[in-house]
1. Lysines within cross-link reach of LYS163: Cα-Cα under 30 Å, excluding same-chain residues under 8 positions apart?
2. Using alpha carbons only, how many angstrom separate the centre of the stretch 142-171 from the centre of the stretch 20-44?
3. Report the FRET efficiency, 1/(1 + (r/R0)^6), for LEU227 and ASP185, where r is their Cβ-Cβ distance and R0 is 22 Å, rounded to 0.05.
4. Among 218-229, 27-38, 59-70, how do they line up from the highest to the lowest mean number of other beta-carbon atoms within 10 Å?
5. What would the Debye equation give as log₁₀ I(q)/I(0) for the chain at q = 0.13, 0.14 Å⁻¹, counting only Cα atoms as equal point scatterers?
6. If you roll a 1.4 Å probe over the chain with all protein chains in place, what percent of the accessible area is carbon or sulfur?
7. Give me the 1.4 Å probe accessible area per residue for the stretch 117-233, excluding ligands and nucleic acids, in Å².
8. Evaluate the distance, in nm, between pseudo-label points positioned 7 Å from the Cα of LEU212 and of ASP51 along their respective Cα→Cβ axes.
Amino acid sequence: MRDAQAWVEHLRAHLPLALSGEDPEGVHQVRVAGRRLRVYLELLGWRVLQDDLRRLVRGAGRVRDLEVALTGPLALSPAFRTYLEEELRLARTNLPGLLASPWMEGLLRALAVLPPLDEERAAKKLERLAARAEARLAALRREPSLEALHAYRRALRRVRYAKEFLGLPAKREKALQEALGGLQDLEVLLGLLGAYLAQTQDPEALALRERLEAERQKGLAEVWAHLGLDSGRA
């Protein structure tokens with residue numbers, strides 16, 4: 001979708017699903033729409049509404065992380081699954097105050113009047129986004145780390161979305177973003193496991209953490225090789 005209004009409608013359409021919790025795609029698509037619309041604002045050269053969209057994306061982040069952990073392909077120990085389900089229940093109590101609030105309706109109304117892109121200006125903004133991504137990649141090559149990798153992933157995602165708004169091919173960015181996203185999901189699950197194991201003893205969860213750490217190292221080695229990085233320095 002190249003039109004901002006299509007993403008505004010996409011956001012509005014997925015709010016009820018996000019609130020109901022019937023399908024994890026609800027919260028996921030709310031966040032996707034929020035992120036894409038932030039890039040659209042960058043292409044417009046606007047600062048207004050950026051903080052609101054950031055609040056939207058971050059506010060639904062905890063729910064999304066827990067839903068990904070619970071619906072992923074990995075077998076979770078019964079106790080760890082129960083822990084995640086309770087954390088998700090608690091996280092969901094904050095969603096109505098965000099997604100069903102007057103603030104949300106005001107944001108939707110403001111987004112509904114976004115103007116079309118000035119293609120020449122937007123192309124210059126894309127150049128800046130691409131330069132930022134290259135700078136993030138250069139920093140990653142100088143000092144490989146998970147933090148630098150995630151910063152590059154976020155910059156790459158903005159380039160992809162900007163290209164798609166301008167009708168430009170973004171196959172490379174999409175493929176690399178998806179590969180890096182898989183690593184991010186592993187990091188999130190490891191973080192949740194760490195919080196869980198800090199308060200209980202669960203041999204099954206400990207074994208899962210060992211498997212995930214090995215999988216993370218394998219995935220990182222593949223990414224480092226793809227990007228021409230020295231995995232021994234990470």
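1. The qualifying lysines are LYS124, LYS125, LYS171, LYS174.
2. Distance between centres, Cα-based: 16 Å.
3. After rounding, the FRET efficiency stands at 0.70.
4. Packing order, densest peptide first, comes out as 27-38, 59-70, 218-229.
5. -0.89, -1.02
6. Carbon and sulfur atoms account for 51 percent of the accessible area of the chain.
7. I get 55 Å² per residue for this part.
8. A separation of 3.4 nm, rounded to one decimal place.
The values are calculated or read from the model by the stated rules, or taken from the named source; none is laboratory data. Every value quoted in this text rests on a predicted model; they were computed, and no experiment measured them. Note: ideal-geometry Cβ built from the backbone for every residue, glycine included; neighbour counts use all protein chains shown. SASA here: full protein model, heavy atoms, side chains in, ligands and nucleic acids out. Shrake-Rupley method; radii C 1.70, N 1.55, O 1.52, S 1.80 Å.
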